[in-house]
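Taking it in order: structure first as C-alpha cells, then the write-up.
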Amino acid sequence: MKSEPKVRASLPEGLTPERLLEMYYYMVLTRTCDDRGFALNRQGKIPFAATCQGHEAIQVGAAFALRRGVDWLVPYYRDTCMALSFGVTPREQLMCLFARKGDIFSSGRQFPNHYSVPDRQIASISSIIAAHVTHAVGIALAAKMRKQSAVVLTSFGEGSTSEGEWHEALNFAGIHKVPIVFLCENNEYAISVHQSLQMGVKNVADRAAGYGFPGVICDGTDPVQSYETVRDAVERARSGGGPTLVEAKCYRAMSHTSDDNQLTYRTPDEIEAVKTRDPIPRFENWLKERGMIDDDTIAELKAKALREVNDATDWAEAQAPPTEADLYTHVYHSGPLS
Amino acid sequence: MATKNLLEAVRETLHDAMASDERVFIMGEDVGARGNVFLITAGFQEEFGRERIIDTPLAEASIVGVAIGAAMAGLRPIAEIQFADFIYPAFNQIVGEAAKTRYRSAGGNSCPLVIRTPYGGGVRGALSHSVSIEALFYHVPGLKVLAPSTPADAKGLLTSAIADEDPVLFLEHKRTYRLIKGEVPEGRHTVPIGKADIARAGKDLSVITYGLMRHFAVEAAEKIAAEGIDAEVVDLRSIRPMDRETIINSATKTRRVLVVHEDNKFGGVGAEISAAIAEEALFELDAPIKRLCGPDVPAMGYAKEYEEAFMPSPERIADAMRELAQF
C-alpha cells in the first residue's frame with residue numbers, strides 16, 4: 001500500500017502522478033538500456049556504446065515538455081532517455097546497438113544513439129558536434145514559414161557551444177525568432193576537456209544574451225525542475241516569443257563512451273562524488289516523500305524495465321545484419337550514381 | 001525562343017520556381033534588398049516577401065545548415081554562397097551533412113537542397129573571387145555538382161536541381177553571366193542531370209570540358225577546323241554524376257582526347273576523366289590523354305598578367321589541339 005500523498009498540491013502544472021511515474025519509468029528503462037550497452041560491449045557483442053548516466057532527468061523532463069506528433073526533436077548522441085521518452089522503443093534502441101539491418105535510425109550505418117525517426121519527428125544527426133543545431137534552426141524556420149505550431153527542441157553538450165556553427169545557429173534563430181529551444185546538457189566535460197578549458201564564461205546560458213533571447217539554468221538532475229524549465233521555454237517558442245537557451249547542469253557518471261577511460265583525466269574521488277547526484281534515487285525519494293511510490297513499486301518497475309530490455313536484447317541480437325548490397329542503397333534518391 | 005544571357009536565364013528560373021512552388025525559398029547574403037551582388041534576385045523580395053527571400057548574416061555554415069534543416073522538414077531551399085571562394089566555412093555542412101543525410105538515415109531523411117554559387121575567373125576577381133571549387137566537392141557521393149555553360153542549360157539544369165530529391169551544388173561561372181547569350185526555351189524547361197552535351201561534333205579529336213571552357217573550346221575548334229582538324233567538344237554540364245558513356249563514346253570515336261578545365265590540374269576533374277578513359281578505352285586511343293588546366297598555384301592573382309597566365313584561353317586550347325592532332 002502506498003502511503004497517502006504528503007505534498008500533492010505542489011505538483012507542477014502539466015504533471016500528474018501518473019505522468020511522474022511514467023517519467024520515472026523512462027529513467028529506469030534508460031538506465032537499464034545504458035547498462036546493457038556497456039555490458040554487451042564488454043562481452044564483445046557490440047563495438048561501441050555511449051552513456052547518458054547522469055543526464056536522465058533533464059532528458060525525460062525535456063521530452064515530456066514536448067507534444068509528440070507536433071514538435072520536433074533534434075537530439076545529440078547522448079540522448080537515450082530523451083529518445084526513449086519521445087517514443088523510441090527498447091527494441092529499436094537495441095537494434096541500433098547491434099547495428100542490424102533493421103535498425104530504423106540508420107540501418108547500422110551510424111554509431112548508436114544517432115536517432116532518426118522522421119515519422120515521429122526525430123531528425124537525423126551526424127556525430128559532427130553542433131552541425132545539427134543549424135539544422136534544428138532550419139526545421140524551426142520551416143515551421144514558422146508554414147505557420148505550424150511545431151516547436152523544435154535541439155540538444156547538445158557544453159562542448160558543442162565552442163563550435164562556430166553553434167554560434168551561427170543561435171544568431172540566426174535570434175534574428176528570425178524561430179520556435180526553438182536550445183538545450184545544453186552541461187556535464188562539465190567534452191570527452192576529457194573540462195568546461196574551464198572550453199569557455200571563459202561560467203554559464204553557457206550567459207551566452208544567450210549575445211543572441212537577443214533569454215538563457216535560463218536548471219538543475220538537470222531534477223526531472224521536475226527540468227520539465228518546468230523546458231515547458232516554459234517551449235510555451236514561449238509556441239506563442240511566437242522565439243528561442244530560449246536552457247542550460248541544464250548535470251554530470252556524466254561514466255566515461256565519454258565505451259572507448260574512453262575517464263580515469264586518465266578525472267580523479268577517483270571526483271567520480272565517486274558525482275555519483276551522489278544520481279537523478280534516479282533522487283527522484284525516487286522525491287516521489288516517496290509525496291506518497292506516489294514505494295519500494296515495492298520501485299522494484300516492480302525495475303523488474304519490468306529489465307524484462308523489456310532482456311526481450312529487446314534477445315530480439316535485436318537475433319535480427320539479420322546488413323548485407324554487402326545494403327552498402328550501396330540510399331546514396332542518392334534514385335540509388336548509386338557514377 | 002528569346003535570347004538571354006546566362007544571368008537572365010538563372011534569374012528567370014529562380015523566379016519561376018518561386019512563383020510555382022511555395023515550398024521554394026531563397027536564402028543568402030545580400031539576396032534581399034540588394035537582390036544579390038550580381039542583381040540576380042533584384043525585385044524578388046518585393047514580390048515574394050522577406051520570409052521567402054531571406055537576407056542572412058555573413059555566416060556560410062549556417063546558410064547551408066539552416067537550409068538543410070528546412071529541406072529535411074519538407075521545404076525546397078535554394079541557398080546562395082555569394083562567391084564560391086566563400087564556401088569553405090560551409091564545407092562541413094555540404095560534405096559532412098547534406099551529402100550524407102540520406103545515407104546515414106537509411107533513406108529516412110531527404111535533403112532536397114540547391115546551393116548556388118558563382119565561381120571561376122576572368123573577371124579580375126583576384127585570389128578570393130575567382131576560384132574553381134568543383135574538385136573539392138565532386139569527390140563526394142551523395143552530392144550532385146552541376147556546371148552549366150549555356151543559358152538554356154542553366155535554366156534546364158537549375159529547374160532539374162530544384163526538383164531533385166538530393167543536394168545539388170550548382171556552379172555558375174561568373175564570366176558567363178553576361179558574356180554568354182543564347183536561346184532559352186520558354187516555360188518549364190528541364191535538362192537531365194548526368195547527361196553531357198556534344199557542343200560540337202567532330203571526328204579527329206575530343207575535347208572534354210565544362211563551364212566557360214566549353215565556349216573557349218568551341219572557339220578553338222572552329223579556328224583549327226580551317227586547318228583541317230575536326231574537333232569534337234563534349235560539355236559535361238554535370239560533373240557528378242558524370243556521363244561516362246558520352247565521354248567513352250567520344251574518346252573511342254576520335255581516338256584522341258584533350259581535357260580542359262580552369263580548375264587546378266592536380267587531382268582535378270580532368271584526372272577522373274582521364275582515369276575513366278584509361279580504364280575503359282585505353283587501347284582505342286592513338287595518343288596519350290592530354291590535360292590543359294589551371295596551374296597548381298593557389299589561385300589567379302589580381303594583376304591581368306596573373307589571370308591571363310592562369311586561365312586556359314582559346315589560343316592555348318587550339319595549340320593543345322594541334323599538338324594532340326599531330327601526335
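The values are calculated or read from the model by the stated rules, or taken from the named source; none is laboratory data. In this text, all values refer to a predicted model and were calculated from it rather than measured experimentally. Here the Cβ positions follow ideal geometry from the backbone for every residue, glycine too, while neighbour counts run over all protein chains shown. For the accessible areas, the whole protein counts, side chains as well, though only heavy atoms, and no ligand, DNA or RNA atoms are used. Shrake-Rupley method; radii C 1.70, N 1.55, O 1.52, S 1.80 Å.
Restricting B:Thr150, B:Thr117 to residues that are open to solvent by 20 Å² or more (accessible area, probe 1.4 Å) and among the β-branched types (Val, Ile, Thr) narrows the list to B:Thr150. Among the residues of segment B:1-16, is any under 26 Å from B:Phe137 (Cα atoms) and more than 19 Å from the chain's Cα centre (by Cα)? Within segment B:1-16, not a single residue is under 26 Å from B:Phe137 (Cα atoms) and more than 19 Å from the chain's Cα centre (by Cα). If the condition is being open to solvent by 10 Å² or more (accessible area, probe 1.4 Å) and either of a type in the set (A, V, I, L, M) or closer than 28 Å to B:Ala17 by Cα (or both), then segment B:120-143 contributes B:Val123, B:Ala126, B:Leu127, B:His129, B:Val131, B:Ser132, B:Ala135, B:Leu136, B:Tyr138, B:Val140, B:Pro141.
Yes or no: A:Ser149 of a type outside the set (Val, Ile, Thr) and closer than 22 Å to A:His114 by Cβ? So A:Ser149 fails the test.
Would segment A:184-192 turn up any residue that is part of a loop (DSSP other than H, G, I, E, B), within 30 Å of A:Trp286 (Cα to Cα) and out of contact with any Leu (no Cβ under 9 Å at 6 or more places or on another chain)? Yes, that holds for at least one residue. Taking segment B:20-70 as the range and being open to solvent by 10 Å² or more (accessible area, probe 1.4 Å), in contact with a Gly (Cβ under 8 Å, 6 or more places away or on another chain) and within 20 Å of A:Lys147 (Cβ to Cβ) as the test, the residues that pass are B:Arg23, B:Gln45, B:Arg50. Would you pick out the residues in segment B:42-55 that are more than 7 Å from chain A (Cβ to nearest Cβ) and closer than 29 Å to B:Gly96 by Cα? Within segment B:42-55, B:Arg52, B:Ile53, B:Ile54, B:Asp55 qualify.
Among the criteria (1) crowded, with 16+ Cβ neighbours inside 10 Å; (2) modelled with pLDDT under 95; (3) over 27 Å from A:Asn187 (Cα atoms); (4) not hydrophobic (A, V, I, L, M, F, W, C), the one A:Ser338 does not fulfil is (1). For B:Glu219, the criteria (1) over 20 Å from B:Met311 (Cβ atoms); (2) away from chain A (no Cβ under 14 Å); (3) of a type in the set (D, E, K, R) hold in every case but one, which is (1). Out of curiosity, is B:Ala226 free of Cβ contacts under 8 Å to residues at least 12 places away in the same chain and away from every other protein chain (no Cβ under 14 Å)? When the stated conditions are applied, B:Ala226 passes them.
Across segment A:212-224, a minimum of one residue is classified as open to solvent by 20 Å² or more (accessible area, probe 1.4 Å), on the phi > 0 side of the Ramachandran plot and at pLDDT 95 or above. In segment A:53-81, the residues that are within 14 Å of chain B (Cβ to nearest Cβ) and surrounded by fewer than 24 Cβ atoms within 10 Å (Cβ to Cβ) reach residues that are in a loop (DSSP other than H, G, I, E, B) and polar (S, T, N, Q) with C-beta atoms within less than 6 angstrom, at least six apart or across chains, in these pairs: A:Tyr77/A:Asn113. Counting the residues of segment A:99-113 that are open to solvent by 10 Å² or more (accessible area, probe 1.4 Å) and closer than 18 Å to A:Trp72 by Cα gives 1. Taking A:Leu94 as the residue in question, decide whether it is within 14 Å of the chain's Cα centre (by Cα) and open to solvent by less than 10 Å² (accessible area, probe 1.4 Å). Answer is no for this residue.
Conditions tested, residue by residue: (1) open to solvent by 80 Å² or more (accessible area, probe 1.4 Å); (2) out of contact with any His (no Cβ under 9 Å at 6 or more places or on another chain); (3) over 20 Å from B:Ile247 (Cβ atoms).
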site: B:Asn264; (1), (2), (3): no, yes, yes
site: B:Gly268; (1), (2), (3): no, no, no
site: B:Ala275; (1), (2), (3): no, yes, no
site: B:Glu280; (1), (2), (3): yes, yes, no
site: B:Leu292; (1), (2), (3): no, no, no
site: B:Val297; (1), (2), (3): no, yes, yes
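Selection within segment B:153-183: residues that are part of a loop (DSSP other than H, G, I, E, B) and open to solvent by 40 Å² or more (accessible area, probe 1.4 Å). The member of this set that is farthest from the other protein chains (Cβ to nearest Cβ) is B:Arg175. Tell me, which residue of segment A:118-131 that is more than 7 Å from every other protein chain (Cβ to nearest Cβ) and open to solvent by less than 10 Å² (accessible area, probe 1.4 Å) is nearest to A:Arg67 (Cα to Cα)? For segment A:118-131, the residue satisfying everything is A:Ile122.
Within segment A:312-335, track down each residue that is over 30 Å from B:Ala161 (Cβ atoms), open to solvent by less than 70 Å² (accessible area, probe 1.4 Å) and either without any contact (Cβ under 8 Å) to a residue 60 or more places away in the chain or within 23 Å of the chain's Cα centre (by Cα) (or both). Correct list: A:Ala312, A:Thr313, A:Ala316. Within segment B:103-121, restricting attention to residues that are closer than 25 Å to B:Ile26 by Cα and among the aliphatic types (A, V, I, L, M), the residue that is nearest to the other protein chains (Cβ to nearest Cβ) is B:Leu113. Looking only at residues of segment B:184-242 that are under 16 Å from B:Glu262 (Cβ atoms) and among the acidic types (Asp, Glu), we find that the one that is least open to solvent (accessible area, probe 1.4 Å) is B:Asp235.
Being at the interface with chain B (Cβ under 8 Å from one of its Cβ atoms) and open to solvent by 40 Å² or more (accessible area, probe 1.4 Å) is true of A:Gly164.
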